[in-house]
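One structure is given here, and the rest of the page talks about it.
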Amino acid sequence: MSELEEYAQQIESLAQRLGLDYYPVDFEMAPASLMTEIAVYGLPVRMPHWSFGVRYIHQLVRQSMGHSKIFEVMFPGDPCRAFLMDTNSTAENALVTAHVLGHADFSKNNQLFARFHAMAGGNIVETAAAHAHRIQLAIEAHGVERVESVLDAALALEAHIDVGGELHRARYPEFIAKTPAAVPNAFQNRFQQLPGAEERAAPQTGLVRAPVPPHPEYDLLWFIATYAPELEQWERDIFLMVRAESFYFYPVFACQIMNEGWASYWHARLLREADFLPQPLYLSALKAHSDVVRPFASGRETALAINPYHLGFTIWERIVEKHGIERAREVRRDEDDFGFVRNWLDEELAAEAGLFVYETRPGDEIRVATKDINAIREAILAPKFNFGSPRVAAAELKHDGSLSLAHDHASDGRGLDVSRAKRVLDYVHRVWRRPVRLATVNERSEAVELAA
Amino acid sequence: MTIRLAAETPWYDLFSRGARDWLRHNEKVRDAVKDTLPELLANSDLMTGPSSRTVAVPVKFLEHSRLRLSDASVNQGAGQGRGEPGDVLQPGREEGDQPGQQGGTGEGEIRFVVELKVEEIVDWLWEELKLPELKPKRTATIDQAEYIREGWDKRGARSRLDRRRTMKEAVKRHAIQGNGTSIVAEEPISLVNDDLRFRQLVKRPTPATSAAVIFALDVSGSMDEAQRRLAKQFFFFALQGIRRQYAKVETVFLAHAAQAWEFDESQFFQASSSGGTVTSSVARLALDVMGTRYDPGRYNVYFFYASDGENAAEDRDEARGTLAEIAQQVNYSGYCETGGVATFRPRDTQLAEIFTELKGGGLAVGTSHIASQDDVWKAIREFFTQQSQSE
């Protein structure tokens, strides 16, 4: 038994004594190359697409410049799958083991993760690998260009799912009961009741064909997969596969601060209480810990980004300190980052951590704008709204099969980046194969309609 | 809890998914680059080089677009550290500074270079333009005899002994003669005269496969930079097309104003002169070159001439005579008139008239007018289509 394995077992029994509750974790040592790929794809085996190749090169460049070091990746599920980097020291990997147990506890108990687990089952790694395999088969059957044009569209709309909705959805009801026409006004109402007037025909009831979609549909991947007039079955499958993976990514995305903070809180606590670790190993693990949760790069005094490990860790420590671990466990169960930051990041904590809101003006001048707590919370959360994407809904499917999309610019505050939106529309058009339109506003807030 | 260490080659080492997608991206970039090729190619000094040369094209990554909000005039973000409202964390750029000079653009833009083989590009263009293959001039081609290897014989000159064959024969003979044991025989195999094999040579007539291309360019004052660029592009693709066809292609660069000179390629397009235009001077020089170096009887000679069409009036007859003489001898002569004012011309220029007349006389002559980049393709297409039709 290796040294690390021995420590890992001891850390685990300590974790169980301290009340961490999780599905079994399957650890695997992996080389740096696989860790890089996981950082790029989000999953160990995922569907092929050229855009991942671009991210891959960016990641390699970042790593070679020392901007990015990967410690660990963990995939929630039953069992959880964790990968440890084989070039990391034993101390670092002992820390990572403890960190992963924190994640495992979080993902079993947090409601968003639990919901996905209930809908999709706890085997995302295998599911994604199966998706990749099916797409490979599709490439063999239909050629790389055709599969690519489907993936271009599906991955471009990756974030456009209804995160509160169900993974497995039925089509809209085809017919709806016709509601009797409302009586127009008080006069008519009165007139109808006058004696001698013709007996009013009983309001027509019965079923009428429902409009599609019956309401603005934000689950674009599902909508296209289900209602695109000329998609072949395998093309629909690809949309649904991308959508299933998006459902998996959403809790990870929406709980990043909480989740990393929780794992950091637990790795710190587990190591602190792990009296079985030799002193030098504990010290180097502690060093690794402080590297992970520090707010800025070494030698800097400010950072124009928030380190989620640091922020989450700070908030969790405060919650445990003030309200006890049981309350913290409830918070871990109930909140996502929105609730976590809005409810638990208070003025005092923000001031201690030195949080601020900055503004970049034309000419790239950057100034500290405010230290108001609400502004800080919203600035932290702004990139997380709606899975980090503009709110775009399918508004209407016309009789000729053309699709109208509408951007909810009122709630997003401004219009879409038009050149990108045009390209996305081109991707969609290539699979929708009928006219596709997208309504948004330009920088002068005038309505514009893009078409493809 | 166990920590697994992969015992054998783990699945993820079998191939790199990141590299696979990166290669696919590059393939797509290549396809995109092809669209801008003509411009790229003609701007580099590639004409006389061996065709295995490559062009390096700097490109950006392809972007897989997502829906995104348009840029706000003021961007907000959350930061952490020392700082009070109003503090400047990063000064704005001064007027005239290059944006992103301080590496402030976050991700940083990574550029990379795609290398394309000129040969590959030309093949691709030919396919794209559906251009026919050239026909070597049959009548003027002398069949050149060539020795090629064919078969073996038991007798021959010592220098053509095929050792490998000979050893094979010896081994075979041993295997037959030895009573089944000699296959593993340790003793060296001995050779007898019967084992010897000599390569045989056979005389075969082969058609001439060399071509000479004579480029003539009017560099008088009236040809401006843009016109010369168009001429260069036309010349370049014409040459590439001829290169595809012939094993050996030699080039001659002639420029003229009132007089004509021969240049090498690097100076050819830089040459300029302020004198008048006397076309017969360059035609004479071309005839001279053909007479001394590239006998049209042995070479497939192509003559291309680019000019703005204006020639000295008194040179008219002289020019017609010499150009006709050229046209009779070469596989094809192409005249390419440059200049952007074609539509306003009340009549054909003098040179256009001469070439049209020659063409009317049944000679393999082509004329084209190039006013813009797109015309270069038309001209090339026309040239190759005509050339393959004329016998």
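Note on the stretch A:41-52: residues that are at the interface with chain B (Cβ under 7 Å from one of its Cβ atoms), more than 10 Å from B:R17 (Cα to Cα) and of a type outside the set (S, T, Y) total 1. Return yes or no: is B:A56 modelled with pLDDT of 55 or more and either in a loop (DSSP other than H, G, I, E, B) or within 11 Å of another protein chain (Cβ to nearest Cβ) (or both)? When the stated conditions are applied, B:A56 does not pass them.
Considering the stretch B:21-45, the residues that are at pLDDT below 65 and buried (at least 19 other Cβ atoms within 10 Å of the Cβ) include one that is farthest from the other protein chains (Cβ to nearest Cβ), namely B:A42. In the stretch A:80-97, the residue that is surrounded by the fewest Cβ atoms within 10 Å (Cβ to Cβ) out of those that are within 12 Å of chain B (Cβ to nearest Cβ) and among the polar types (S, T, N, Q) is A:T90. For the stretch A:52-79, the tally of residues that are surrounded by fewer than 21 Cβ atoms within 10 Å (Cβ to Cβ), assigned to a helix (DSSP H, G or I) and small (G, A, S) stands at 1.
Here B:A211 passes the criteria (1) surrounded by fewer than 21 Cβ atoms within 10 Å (Cβ to Cβ); (2) touching a residue at least 40 places away in the same chain (Cβ under 8 Å) except the one numbered (1).
On the given criteria, is B:G104 surrounded by fewer than 17 Cβ atoms within 10 Å (Cβ to Cβ), farther than 30 Å from A:Y309 by Cα, facing chain A (nearest Cβ under 7 Å) and at pLDDT below 75? Taking the combined requirement at face value, the residue does not satisfy it.
Condition check ((1) of a type in the set (S, T, N, Q); (2) more than 30 Å from B:T385 (Cα to Cα); (3) at pLDDT 85 or above) across all residues:
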| position | (1), (2), (3) |
| --- | --- |
| B:D123 | no, no, no |
| B:E127 | no, no, no |
| B:P132 | no, no, no |
| B:S159 | yes, yes, yes |
| B:R163 | no, yes, yes |
| B:I176 | no, yes, no |
| B:A185 | no, yes, no |
| B:P188 | no, yes, no |
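Those residues that are touching a helix residue (DSSP H, G or I) at 6+ places or on another chain (Cβ under 8 Å) and in a helix (DSSP H, G or I), I need them from the stretch A:317-337; list them, please. Correct list: A:E317, A:R318, A:I319, A:V320, A:R327, A:A328, A:R329, A:V331, A:R332, A:R333, A:D334, A:D337. There is at least one residue in the stretch A:169-179 that is out of contact with any helix residue (DSSP H, G or I) (no Cβ under 7 Å at 6 or more places or on another chain) and within 30 Å of A:R420 (Cβ to Cβ).
Sub-9 Å Cβ pairs linking a first residue in the stretch B:189-202 that is within 21 Å of B:E150 (Cβ to Cβ) to a second residue that is of a type in the set (A, V, I, L, M, F, W, C) and buried (at least 16 other Cβ atoms within 10 Å of the Cβ), at least 6 apart or interchain, are B:D195/B:A170; B:R197/B:W152; B:F198/B:W152; B:R199/B:W152; B:Q200/B:W152, ordered by first then second residue.
Does A:G19 satisfy being in contact (Cβ under 8 Å) with a residue 60 or more places away in the chain, farther than 29 Å from A:D152 by Cβ and of a type in the set (G, A, S)? It is true that A:G19 is in contact (Cβ under 8 Å) with a residue 60 or more places away in the chain, farther than 29 Å from A:D152 by Cβ and of a type in the set (G, A, S). Only one entry of A:M29, A:M65 meets the criterion of being under 22 Å from A:L270 (Cβ atoms) and either more than 22 Å from the chain's Cα centre (by Cα) or within 7 Å of chain B (Cβ to nearest Cβ) (or both), and that entry is A:M29.
Yes/no matrix, rows are residues, columns are (1) free of Cβ contacts under 8 Å to residues at least 12 places away in the same chain; (2) of a type in the set (D, E); (3) in contact with a helix residue (DSSP H, G or I) (Cβ under 9 Å, 6 or more places away or on another chain):
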residue: A:F191; (1), (2), (3): yes, no, no
residue: A:G206; (1), (2), (3): no, no, no
residue: A:H215; (1), (2), (3): yes, no, no
residue: A:T226; (1), (2), (3): no, no, yes
residue: A:I238; (1), (2), (3): no, no, yes
residue: A:A254; (1), (2), (3): no, no, yes
residue: A:L271; (1), (2), (3): no, no, yes
residue: A:A274; (1), (2), (3): no, no, yes
residue: A:L277; (1), (2), (3): no, no, yes
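Going by the conditions given, is A:L4 touching a helix residue (DSSP H, G or I) at 6+ places or on another chain (Cβ under 6 Å) and either under 25 Å from A:A303 (Cβ atoms) or among the hydrophobic types (A, V, I, L, M, F, W, C) (or both)? Yes. Here B:V282, B:V301 are screened, and the one residue that is assigned to a strand (DSSP E or B) and either in contact with a strand residue (DSSP E or B) (Cβ under 8 Å, 6 or more places away or on another chain) or crowded, with 22+ Cβ neighbours inside 10 Å (or both) is B:V301. Does the stretch A:13-25 contain any residue that is at the interface with chain B (Cβ under 9 Å from one of its Cβ atoms) and touching a helix residue (DSSP H, G or I) at 6+ places or on another chain (Cβ under 9 Å)? Looking through the stretch A:13-25, at least one residue is at the interface with chain B (Cβ under 9 Å from one of its Cβ atoms) and touching a helix residue (DSSP H, G or I) at 6+ places or on another chain (Cβ under 9 Å).
The values are calculated or read from the model by the stated rules, or taken from the named source; none is laboratory data. Note that the structure is a prediction, hence the values are computed from the model and not measured. Backbone-built Cβ (ideal geometry, glycine too); neighbour counts: all protein chains shown.
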